[in-house]
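A.B. asks: Attaching a single structure in structure tokens format; questions to follow.
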Amino acid sequence: MKKVKKIGVLTSGGDCGGLNAAIRSIFLSAKKIYNMEVYGIKNGTLGLIKRPLDVEKLTYKSFEGFLINQGGTFLGTNSKGNPFKFYKNGKHLDVTKKIISAYKYLNLDGLIVIGGDGSMKILKKIAEIGNLNIVGIPKTIDNDVGVTEYSIGFQTAVDAATKALDSLQSTAASHGRAMILEVMGRDAGHIALNAGIAGGADIILIPEIDYTIEGVIKKLHEIKKNKIGHYLIIVAESVKKENGSNVLNNYNKQKRFGGIGHYVAQEIMKKTDFECRVTSLGHIQRGAMPVAIDRILASAFGVCAVDLIAQRKFNRLVVWQDRKVIDVSIDDGIKDYRKVRKQDTLFKTALSLGIYLGNNPKN
Ligand code: F6P
């Protein structure tokens, strides 16, 4: 078996807590156990598309200080440069050949891709075309990669949202208000559900379950009847209005969710005397200091990814299942997209806690 001498690592898609810990773990195990050289690719695949290449040979010095506890990724990332449709000078170009030639020029034996399912799909296709050796590590605050119980970044996002609810609780109580916290979650409501339970929310709105403003108001009245005069509502950004439309912001043609919290507040205040205020947590969920479990998960994923590369087991995705890291084929890893399901333990937990989760949460 040909010995692996040189590997690359890149972070792709939205950043999140734990990415620096993953890169660190890859470097340490590659260097200490296998004496491999490790190249950090800057800004996702952009570092391989640019000429001259934007890459950095990683050394112990690269990890000096407290990098392990910092959010984001020191390599940089990129969530809009699909190399098959790369936008440059008003045109869409296929720049995948540049990535392949950069990989060959660097003489890499393997490349570790830390990304979500979208990045995995793209990198896997490029690897097939160019005969590149890749191994994937899943990261996404949305935790919607079905095959792994946890992706890097999710727990940090949940922690940030829980802390926000903790802070909102005291001001809600001081003013006797309903505080609405809007959190991320592009298609899945895992952050809202988990933080809602941890932060003691009364109402959790997620995109998977239909709700009505009438149902939300009924719940607020029910709480009031129990002589409690303040309320916590958490809503995932991708929850739709009652008429089925999404609440989106348009940033120079880039559509992003944002504003459903204000819609819910306005509807409640139009119809009742409950006073509402809205906080949108946004990218704090991504840039927050990574919680211990994300650093641990990232470290375990990094070590396993390097072991796979050393064994020349490519096209694999490392995943967390049953208290351990295992690997599956990238195809199997990204085929199951995981939303919140009514049979999930946490969904049932929330219901048993009396949290409003929509009008017909049991059916
Ligand atoms: O998929 C991760 C995520 O953080 C979503 O929860 C959110 O909708 C989106 O990315 C935001 O993307 P951007 O950083 O491009 O605004």
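A.B. asks: Set the Förster radius R0 to 51 Å, insert the Cβ-Cβ distance between LYS80 and ASN226 as r into 1/(1 + (r/R0)^6), and round the FRET efficiency to 0.05.
C.D. replies: With R0 = 51 Å, the Cβ-Cβ based efficiency is 0.60.
A.B. asks: To continue, here is another question. For ARG256 and TYR60, compute 0.36 nm times the residue count separating them, minus their Cα-Cα distance, and round to one decimal in nm.
C.D. replies: Value of the extension gain: 66.7 nm.
A.B. asks: Identify which of GLU182, GLU64, GLU214 has the largest mean-square fluctuation in a Gaussian network model of the chain, with springs joining Cα atoms closer than 10 Å.
C.D. replies: Highest fluctuation among the options: GLU64.
A.B. asks: If one computes the Cα centroid of the stretch 9-61 and of the stretch 319-363, what distance in Å separates the two points?
C.D. replies: A separation of 31 Å, based on Cα centres.
A.B. asks: Two decimals is fine: what is log10 I(q)/I(0) at q = 0.23 Å⁻¹ for the stretch 109-172, from a Debye sum with one equal scatterer on every Cα and no solvent?
C.D. replies: Relative scattering, expressed as log10 I(q)/I(0), comes to -0.91.
A.B. asks: Moving on. Measuring from centroid to centroid over Cα atoms, what is the spacing of the stretch 116-156 and the stretch 271-286 in Å?
C.D. replies: So the separation of the two Cα centres works out to 31 Å.
A.B. asks: Label points 7 Å out from Cα along the Cβ direction at MET269 and ILE129: separation in nm?
C.D. replies: That separation, rounded to one decimal, is 5.1 nm.
A.B. asks: So what is the 222 nm mean residue ellipticity for the chain from helices alone, if each DSSP H run of at least 4 adds -39500 (n - 2.57) and you divide by all residues, rounding to the nearest 500 deg cm²/dmol?
C.D. replies: Calculated mean residue ellipticity at 222 nm is -11500 deg cm²/dmol.
A.B. asks: For the chain, what is one quarter of the convex hull surface built on the Cα atoms, given in nm²?
C.D. replies: Here the figure is 19.5 nm², rounded to one decimal.
A.B. asks: Can you give the direction-averaged projected area of the convex hull of the alpha-carbon atoms in the stretch 130-251, in nm²?
C.D. replies: 10.5 nm²
A.B. asks: Further question on the same structure: Arrange the following residues from fewest to most other Cβ atoms within 10 Å of their Cβ: GLU56, GLU208, GLU37.
C.D. replies: Ordered by Cβ neighbours within 10 Å, fewest first: GLU56, GLU37, GLU208.
A.B. asks: Jot down the radius of gyration and Dmax of the stretch 3-70, Cα atoms only, both in angstrom.
C.D. replies: 12.2, 33
A.B. asks: Another one. Over the stretch 244-363, what number does the Rg to Rh ratio reach, with both radii from the alpha-carbon atoms and Rh per Kirkwood?
C.D. replies: Dividing the radius of gyration by the Kirkwood radius yields 1.08.
A.B. asks: Could you list, in their original order, any pairs among LYS3/LYS80; LYS241/LYS271; LYS219/LYS240; LYS42/LYS313; LYS104/LYS124; LYS163/LYS253 whose Cα atoms are separated by more than 23 Å?
C.D. replies: Beyond 23 Å: LYS3/LYS80; LYS42/LYS313; LYS163/LYS253.
A.B. asks: While we're on this one: Just flag the chymotrypsin sites (Phe, Trp or Tyr not before Pro) in the stretch 49-129 sitting in loop per DSSP whose Cβ has no more than 11 other Cβ atoms within 10 Å.
C.D. replies: In loop regions of the stretch 49-129 (DSSP not H, G, I, E or B), the sparsely surrounded chymotrypsin sites (Phe, Trp or Tyr not before Pro) are PHE66.
A.B. asks: Right, next: Measuring from a point 7 Å past the Cα of LEU353 along Cα-to-C-beta, which residues in the stretch 152-188 have an amide N at less than 15 Å?
C.D. replies: Label zone hits: 158-169, 181.
A.B. asks: Moving on. Using +1 at the C-beta of Lys and Arg and -1 at the C-beta of Asp and Glu, which of VAL216, GLY185, ILE33 has the Cα lying farthest in the positive direction of the dipole of the chain?
C.D. replies: Of VAL216, GLY185, ILE33, it is ILE33.
Values in this text are rule-based calculations from the coordinates and carry no lab data. This structure is a prediction, so every number in the text was calculated from the model and none was measured. Cβ coordinates were reconstructed from backbone atoms using ideal geometry, including for glycine residues, and neighbour counts include every protein chain displayed.
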